[in-house]
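Below is one structure, written out as structure tokens; comments come after it.
The values are calculated or read from the model by the stated rules, or taken from the named source; none is laboratory data. Please read all numbers here as calculations on a predicted model, not as lab measurements. Ideal geometry is used to build each Cβ from the backbone, glycine not excepted, and the neighbour counts take in all protein chains shown.
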Amino acid sequence: MSPRAAADAVPPELEVVLVSRVKRNPYVDLLCGGLAQPPLRLRPRVVDAFSLGWMWRHRHIDVLHLHWLELFFLYPELWRSLKRWLSVMLGLVLARLWGVCLVYTVHNLEQHEGRRRHLVRWGTWLLLRLCHGVHVHDVGAAEQLARDWGRTSGVHIIPHGNYVDAYPNVVSRGEARRALDLPEDGASPRSLVYLSLGRVRPYKGLEGLIHAFRALEDPAAILLIAGEAQQPEYRRELLALAQDDPRMRLHLAFVADDDLQRYFGACDVCVLPYEHVTTSGAAILAFSFGTPIIAPAIGCFRELVGATERGILYGAGSGERLMASDASVYQNLGAALERVRDADLEAMRRACRRYAADLDWRRVAEQHAAVYRQCVGIRKP
């Protein structure tokens, strides 16, 4: 091969900007780290701001990869939300006109609490028509994208990377249980510890979990709910529901990175009783600590749990949305809480660790790099 032909065979270096306002989830930083690895020939960086003015100043970048679009224009004041929404949308139009490759990762297809519903839907509609590539994490999300939004071309399925190296994980199970003042494994009677960890938000169905756990006839069972409650009213509701059952322990405050290993190390199973879901970083986090999950048979949970290898699914009825206030949901969830007591939890833990290990960020980044180069090749002003 001639020197010129060899030079032509080397792909050009691309400047990739990942845009995200999420701070506590290291997803975007982990992806950026994977993209920076040779021989991908990418120059990635993460920014937390996007607007028309920002796009004008950075209009010569090669790839703009957006995450959690709604966070750029959701504010308490309507006028401010409208102003930011307009700036973001005009920035996206400018990017398209300048030939910047636009890629969007679909973490959620709707804002969980329904805030500024019309702005979110209009913004998502426009972005899905402007972007060259759409990234989803599983087949179910791709099907929902086609069904609800009509987007079928340029949709790329790339799995969610793991959190194996993102958080400390050095404490033993005994140390974790002692740190949380929980009975040790050898205690009699044996206490099965259920955990729900993450930001406490209404769509996660925690009131349904509390009701289902109350009906569990196991005096030694323990339910841990840990995470920051964003809405004071919802926080008070959960505390009131759990106040007279000593088996429930609610820590409704931010859980530091170093403490995650204690909660996951101490529990037997992580319960994710969501009402609706597109992508579940919480499930990937649990698997990264070798923890099986209990979840409704909706959305991505079907693929994540598999055929009971990595947890237990409970009946979701019809559709892709649950209501935590539905008595049948309590019953189905309660039955799953019962069933896990007879499961081979050690085998599930091993399966969770294997699954998480396969979600290597280098492999994930290689797939993203291929999407970027494909989109750069087809982009049109």
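Note down all Cβ pairs under 8 Å where the first residue falls in the stretch 224-249 and is over 15 Å from Lys204 (Cα atoms), the second is charged (D, E, K, R), and they're at least six residues apart or on different chains.
Filtered contacts from the stretch 224-249: Leu241/Glu207; Asp245/Arg214.
Is it true that Leu337 is crowded, with 18+ Cβ neighbours inside 10 Å and not assigned by TED's automatic domain parsing to the domain that holds Val103? Walk me through it before giving the result.
Numbers: crowded, with 18+ Cβ neighbours inside 10 Å: yes; not assigned by TED's automatic domain parsing to the domain that holds Val103: yes.
Criteria met by Leu337.
Which condition number does His135 fail, the rest of (1) assigned to a helix (DSSP H, G or I); (2) within 19 Å of Val376 (Cβ to Cβ) being met?
It is condition (1) that His135 fails.
Quick one: count up the residues across the stretch 211-227 that are farther than 20 Å from Ala343 by Cβ and modelled with pLDDT of 95 or more.
3
Tell me which of these Ala297 doesn't satisfy, since it passes every other one: (1) under 16 Å from Val329 (Cα atoms); (2) touching a residue at least 60 places away in the same chain (Cβ under 8 Å).
(2)
When only residues in the stretch 149-196 that are under 21 Å from Ala283 (Cβ atoms) and of a type in the set (Gly, Ala, Ser) count, which is farthest from the chain's Cα centre (by Cα)?
If we take residues in the stretch 149-196 being under 21 Å from Ala283 (Cβ atoms) and of a type in the set (Gly, Ala, Ser), then Ala176 is farthest from the chain's Cα centre (by Cα).
Step by step: first the residues of the stretch 41-80, then only those that are of a type outside the set (A, V, I, L, M) and assigned to a strand (DSSP E or B), then the one that is surrounded by the most Cβ atoms within 10 Å (Cβ to Cβ). Which residue is that? Can you show your working first?
Our first condition is that a residue be of a type outside the set (A, V, I, L, M); within the stretch 41-80, this holds for 41, 43-45, 48, 50-51, 53-54, 56-60, 62, 65, 67-68, 70, 72-73, 75-77, 79-80.
Now restrict to residues that are assigned to a strand (DSSP E or B): 43-45, 65, 67.
Numbers: Arg43: 15, Pro44: 24, Arg45: 12, His65: 27, His67: 21.
Checked the stretch 41-80; the qualifying residue surrounded by the most Cβ atoms within 10 Å (Cβ to Cβ) is His65.
Every residue, every condition in (1) more than 13 Å from Gly198 (Cβ to Cβ); (2) out of contact with any Ser or Thr (no Cβ under 6 Å at 6 or more places or on another chain), yes or no:
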residue	(1), (2)
Ala240	yes, yes
Leu260	no, yes
Phe264	no, no
Pro273	no, yes
His276	yes, yes
Ala286	no, yes
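How about the stretch 208-257: which of its residues are among the β-branched types (Val, Ile, Thr) and in a helix (DSSP H, G or I)?
The initial filter retains those residues of the stretch 208-257 that are among the β-branched types (Val, Ile, Thr), namely 210, 222, 225, 255.
The one that is among the β-branched types (Val, Ile, Thr) and in a helix (DSSP H, G or I): Ile210.
Looking at the structure I just gave you, is Ser153 assigned to a loop (DSSP other than H, G, I, E, B), among the hydroxyl-bearing types (Ser, Thr, Tyr) and out of contact with any strand residue (DSSP E or B) (no Cβ under 8 Å at 6 or more places or on another chain)? Break it down stepwise before answering.
Details: assigned to a loop (DSSP other than H, G, I, E, B): yes; among the hydroxyl-bearing types (Ser, Thr, Tyr): yes; out of contact with any strand residue (DSSP E or B) (no Cβ under 8 Å at 6 or more places or on another chain): yes.
Yes; evaluated as a whole, the condition is true for this residue.
Conditions (1) of a type in the set (Ser, Thr, Tyr); (2) at pLDDT below 90; (3) assigned to a helix (DSSP H, G or I), marked per residue:
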position	(1), (2), (3)
Ala295	no, no, no
Glu309	no, no, no
Ala316	no, yes, no
Met323	no, yes, no
Val329	no, yes, yes
Ala336	no, no, yes
Arg354	no, no, yes
Val371	no, no, yes
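Can you name every residue in the stretch 158-206 that is of a type in the set (A, V, I, L, M, F, W, C), loosely packed, with under 14 Cβ neighbours inside 10 Å and modelled with pLDDT of 95 or more? Show your work before the answer.
So in the stretch 158-206, the residues of a type in the set (A, V, I, L, M, F, W, C) come out as 158, 164, 166, 170-171, 176, 179-180, 182, 187, 192-193, 195, 197, 200, 206.
Going one step further and asking which of them are loosely packed, with under 14 Cβ neighbours inside 10 Å, we end up with 170, 187.
Within the stretch 158-206, just Val170 meets the criteria.
Can you work out which of the residues in the stretch 82-108 that are at pLDDT 95 or above and among the polar types (S, T, N, Q) is farthest from His58 (Cα to Cα)?
Step by step, filter the stretch 82-108, then rank; the result is Thr105.
Listed here are the residues, each with its yes/no results for (1) closer than 27 Å to Arg115 by Cβ; (2) of a type in the set (A, V, I, L, M); (3) assigned by TED's automatic domain parsing to the domain that holds Gly198.
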site	(1), (2), (3)
Gly227	yes, no, yes
Pro232	yes, no, yes
Arg236	yes, no, yes
Ala240	yes, yes, yes
His251	yes, no, yes
Leu272	yes, yes, yes
Thr279	yes, no, yes
Ala282	yes, yes, yes
Phe287	no, no, yes
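Please go through (1) in a helix (DSSP H, G or I); (2) out of contact with any Leu (no Cβ under 7 Å at 6 or more places or on another chain); (3) modelled with pLDDT of 95 or more; (4) over 28 Å from Leu109 (Cα atoms) for Arg262 and return the number of the only condition it doesn't satisfy.
(2)
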